[in-house]
Structures are given as C-alpha cells and as structure tokens.
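Okay, so here's the structure we're looking at.
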Ligand code: S3P
C-alpha cells in the first residue's frame, strides 16, 4: 500500500490553532516535513508545548496556552523555507501582546510580505521591516486590533488566513473578500473549534467573515489526511505509464478547494477513480478518499481563471504532464506562481526547454507543446520542492535521462519522495501495482 505524508496546509493550521486553544488537542497524521518543523519550532519558541513531530503520523498531544498565552520569544523566529509559517504567524501574533522578529531562508527572504502586513495594518497591526522593503526580516508588535473589511486583489489562502487569525487573537471582526475562492482549511478548522466563520458569494467575489471572535478555542481531535499536493506527483507518474496497471493511493485529502487538478486531468483524458469517499458535507470537516490511477493517453488542455487557485501548487506537476500529452497545453491567469518558492513560471519554462520540451514563458503562465520523444538534460530545482518533484517524475519515466541539482529540497513537503518514486518505478518495496 502506498501512502503519502500528511497534508502540509492542514498540519500548519492544526499546530498553530491547537497551540492557542484552551485544553488538550490530539493530532494524528501530521506532516513532519521541514516546513511544518518550522511552524512547530517557532511555536515552541513562543512558549507553546508542541512535542516532536513523529515521522509515522502517530498521535501527538498539544496543551494549548489560550488565545493570549503566547510569549515574546528569546530569539528570532526562523521560518525556514515556509511562506505559510511566516504569513500565518504574522497574522496570529499581530493580535497578541508580544514582540517577535520573523525571518526565513534565502528563498523566503526574497518573497513579498506586504501582501499580509499591508492588510493587517488596516486592522491596526504594527510591523517594522528590518531589511529590504516588502521583505523579511519583519518585526511584529502585537496589540488589540480593530474590525475591518479587506478586499484582496489576489485569491490567497495565506492572506485570508493571516487576517482571520489576527481577528481571532486581536478581538476583531474581520471580513476578507477574495476574487475567487482559495483553499478553506482555516475556515473549516476554526468552525470545528467553535468560532463563527461565514462564507458567501457576493458581487465582489468570495467573502469570508469571522466574528465576533470567541474568547477561547475548543481543542482539536483531528486526523490529518494525506496531502493531495504530494499525491499529485505520484498520480502523474502513474498516468504517464510509470506503473503497469493501476496505482492506489489511500486516504488522500479531497477538499474541493484543493482538487482542481483532478478535473483538469480528467479533461485531458486521465483515468482516475475516487473510492471510499468520505465527503465533508460537514463545513467543519475535510473530505478524503482513495485515488486509483491508471496509465492514460492524454491530450493538451487550457487552464485559466477560477481554476487556478484550485490547483495553484499543482502547476509544476501539470506542466510535467503537459510535456507528455498530445498537443498544446496553455496555462493562463497564474501570475501568482512568480511569488512561490521560486518564480515557477520561469523555472518551469527554462527547465522544460533545458530537457528538450517546447515551452514558452507567458507573463501569466505557460504554453507547452507535448510530445513523445525521450527527454534529457539538466534541471535546476531553484530551491523549490515542487520544481524538483515535477522533474523527478519526468526523470523516472523510462527512456528519459534527467539530472537534478538538488534532491534534498523535497524534504520541505514530502520526506521519502525519492524512495517512493524509486519503489514505484521498480514495482517493488512498499509500493505495489494494484
Ligand atoms: C497555502 C496557500 C497557497 C499555497 C501554499 C500553501 C496555505 O499560497 O501556494 O503552498 O497553506 O495557505 P497562497 O495563499 O499565497 O496562494
């Protein structure tokens, strides 16, 4: 049986929210990858009792310190490579009476921070940039916040979540309007912990409101499902003929704000079935199910508009699939990809060209001409886990010869990726064809 590690987005939120809950949370299936270790160690430095994150998904217990219980840390909070860690913490901490300096690795220090500090400022939060404008390191001094309505120019779950968390700790009612809906894990988890979160479609877009904030959060009893974004790489490998018959991946998170890739792959001709679906009709829950993927003849497609936020982290793997599909694939309205762990539009276009794929960089996306010929060349991961894994999938397909400069970067979100891929490739080990 092949299993993917726990969902990264849900793990970050479970750690953060259980740390500020009142009472004992029980968390299972957490991701122990480096990004989540960054969240766990920052929370420990702030005085939360977060145990070591186990590699096998076994249960941890977190005794929450309450919404006002985190303390000024003794040293700088290093968020490593993790944008979600730094952006969610900037929100959470801006409403707590403490002071903290947040920074990250070279890649994170190159990413924009005003997209969260700007709107948080409208709630009355205070920040100081101690390096370049719009970049880390950023110091936050938390305080009581005022209620506000913020209309975001981008559909970003990190921006939305930062604002909701600030409202939660800063005692403010917050409304966020995004142009189209982004992932909603924070909303679901907050409801599960007793907070009132409402969602509605309005003329302006997708509107999410928190309020009035609760005085305390109930603890969590949670099993985190497997990460769809990690499963996506193995799905691609199976579709492209990396397995002989079919591959089954059990217990994958299937939150509809995350699974846009499934619809796009189906429109390309992919044979993917969902079994044992546990549907989250409950707006406080997360749906999950087993994916069964069969090698498929694929054709090119077009992806744009509201589809993009629903597959934002899957564009690298979609680009890899497009390189092997029949015909042209065009991805538009995806300029946000330029602000991820690397400029993913450029990283994909240049690396695809480097292995012999006809790929064009567009201002807001990519145009990829698929084909069957063997691919070969050097790929530069640019310190980006999803770039490394997307090309890892292409490199593992028979006939291709692709070398990658940095394999270790995948530990950020998918520890054990290379071992699983190699087991799959050889049809052995922990992984079996169905
Ligand atoms: C994430 C939100 C997305 C995504 C990132 C994880 C989250 O970023 O790309 O990998 O857990 O909230 P944006 O909110 O900036 O789109």
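Read-outs throughout are calculated quantities, based only on the coordinates presented, and are distinct from any laboratory measurement. Being a predicted model, the structure only gives us computed values, none of them experimental. Every residue, glycine among them, receives a Cβ derived from its backbone with ideal geometry; neighbour counts consider all protein chains shown.
Structure data summary
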item: Among 82, 152, 302: highest mean-square fluctuation, GNM of the chain, C-alpha pairs under 10 Å; result: 302
item: Shape category assigned to the stretch 312-392 from the gyration tensor of Cα positions, a/c cut at 1.5; result: oblate
item: Computed E for residue 44/residue 144 - FRET, C-beta separation, R0 22 angstrom, nearest 0.05; result: 0.30
item: Taking only Cα atoms of the stretch 261-317, radius of gyration then Dmax in Å; result: 13.2, 38
item: Rounded to 10°, Cα long-axis angle of helix 344-354 versus longest principal axis of the chain; result: 20
item: DSSP-defined beta bridges in the stretch 71-215 - what % are antiparallel, rounded to 5; result: 75
item: Alpha-carbon centroids, the stretch 247-286 and the stretch 385-402: separation in whole Å; result: 24
item: The stretch 257-381 - percent relative contact order, Cα under 8 Å, separation 6 or more; result: 21
item: Per-peptide average of other Cβ atoms within 10 Å, ordering 213-222, 346-355 highest first; result: 346-355, 213-222
item: The chain: relative contact order in percent, alpha carbon pairs under 8 Å with at least 6 residues between; result: 14
item: Gain upon complete extension [residue 61, residue 28; 0.36 nm per residue less C-alpha separation]; result: 11.0 nm
item: Ranked list, fewest to most other Cβ atoms within 10 Å of each Cβ, for 116, 76; result: 76, 116
item: Anisotropy class of the stretch 85-234 from Cα gyration tensor, a/c 1.5 cut; result: rounded
item: Range of Cα positions in the chain per principal axis (Å), largest first; result: 60, 43, 41
item: Prolate/oblate/rounded call for the stretch 31-143, Cα gyration tensor, a/c under 1.5 rounded; result: oblate
item: Helix axis angle, 8-19 relative to the chain longest principal axis, alpha carbon, degrees; result: 20
item: Label-point separation, residue 273 to residue 74 (7 Å along Cα→Cβ), nm; result: 5.7
item: Relative compactness, the stretch 154-232, computed as alpha-carbon Rg over 2.2 N^0.38 Å; result: 1.15
item: DSSP bridge pairs, the chain: antiparallel proportion in percent, nearest 5; result: 75
item: Antiparallel content of DSSP bridges confined to the stretch 299-395, in %, to 5; result: 75
item: Mean ellipticity per residue at 222 nm, deg cm²/dmol - from DSSP H runs of n ≥ 4 across the chain, formula -39500 (n - 2.57); result: -9000 deg cm²/dmol
item: Relative contact order %, the stretch 21-125, counting alpha carbon pairs below 8 Å whose residues are six or more apart; result: 27
item: Stretch gain in nm, segment residue 406-residue 134, where the contour uses 0.36 nm per residue and the Cα spacing is subtracted; result: 95.1 nm
item: Length added when fully stretched, residue 196-residue 338, from 0.36 nm per residue minus Cα-Cα; result: 47.7 nm
